[in-house]
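Asks: Before I ask anything, let me first share the structure, which is written out below as structure tokens.
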Amino acid sequence: MERSMSKVFVTFGFIVAVCMHYVAAQTVHVVGDASGWTVPQNGAAFYQTWAVNKKLVVGDILTFNFRTNAHDVLQVPKESYDKCSSDNPIGQTITTGPTNITIDSSGNLFFICTVGDHCQGGQKLSIAVSPSPPGASPPSGNTHAPPPPATTAPPTAPSPTDACAPTPSSSPSPSSSTPSGGSSVPPPSGSSSSAVLAGVSFSFISVVMGFFF
């Protein structure tokens, strides 16, 4: 019973740990904080300053707060970001706000607003995304190390006692074959001496039994 309860607690703890890791991995970042996604008063420096202190990882969520049809969000490559151009878009333009974008890749990501001259006014975001949480140890180049080569234990030298001990002989079966590389090795002489001694002992016991019966 106690063992069953222990298994239950271990399983429950594992599930809680996985859930906590999943929740921690999905941090929601509101772009511009209270100002939201709009044309900033101090130009592009506003969102650049906001992004500097943010530590984003794959799996996090960017929330763009804006009024529908007043602004939009489009992810673009760096060249289009620098030119405030909607050329070579990555995905579709999002026109309904507010909206959440889940980050699914690492590197530098670029977003602009394509309404009017909003991007030229500073409504653009460049932000860096890490592939793993900050502080986590990066995986080594050899993630799956090959198992160590199997080693064969050296043969143990027989002790003097084992070398002198008689080895009982066994009669080969008709189907047994001669080992490769030469003729069969004859059994050690100790086995014949044991057989003779056993026969003499049996004869002596038979004689003694004959006197009593």
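Asks: In what sequence, highest mean first, do 61-69, 96-104 appear when ranked by Cβ atoms within 10 angstrom?
Replies: Most protected by this proxy first, the peptides run 61-69, 96-104.
Asks: If you don't mind, there's one more thing I want to ask. Once label points are set 7 Å from the Cα along Cα→Cβ at both T49 and R67, what is their separation, rounded to one decimal in nm?
Replies: 2.5
Asks: Now for a different question. Output the Cα-based Rg and Dmax of segment 36-118 in Å, rounding Rg to one decimal and Dmax to a whole number.
Replies: Both quantities, over Cα of segment 36-118: 12.3, 31 Å.
Asks: Which value in nm describes the separation of the simple spin-label points at N108 and D87, placed 7 Å from the Cα toward the beta carbon?
Replies: My value for the distance between the label points is 1.8 nm.
Asks: Right, next: Amide H neighbours of V30 under 5 Å, at least 5 residues apart or on other chains, H built in the peptide plane: list them.
Replies: Those lying under 5 Å, H to H, from V30 are T63.
Asks: Hey, can you grab everything whose amide H is under 5 Å from the amide H of I90? Only 5+ residues off in sequence or another chain; H modelled, so Pro and N-termini drop out.
Replies: For I90, the qualifying residues are Q75, V76.
Asks: Go through segment 103-112 residue by residue and turn each phi into a ³J(HN,Hα) via Karplus (6.51, -1.76, 1.60, θ = phi - 60°); whole Hz please, and just put x for glycine and proline.
Replies: 7, 10, 8, 9, x, 8, 10, 10, 10, 9
Bear in mind that the values in this text are calculations on the coordinates, not laboratory data. These numbers were taken from a predicted model, which means no experiment stands behind them. Here Cβ is always computed from backbone atoms with ideal geometry, including for glycine, and neighbour counts include all displayed protein chains.
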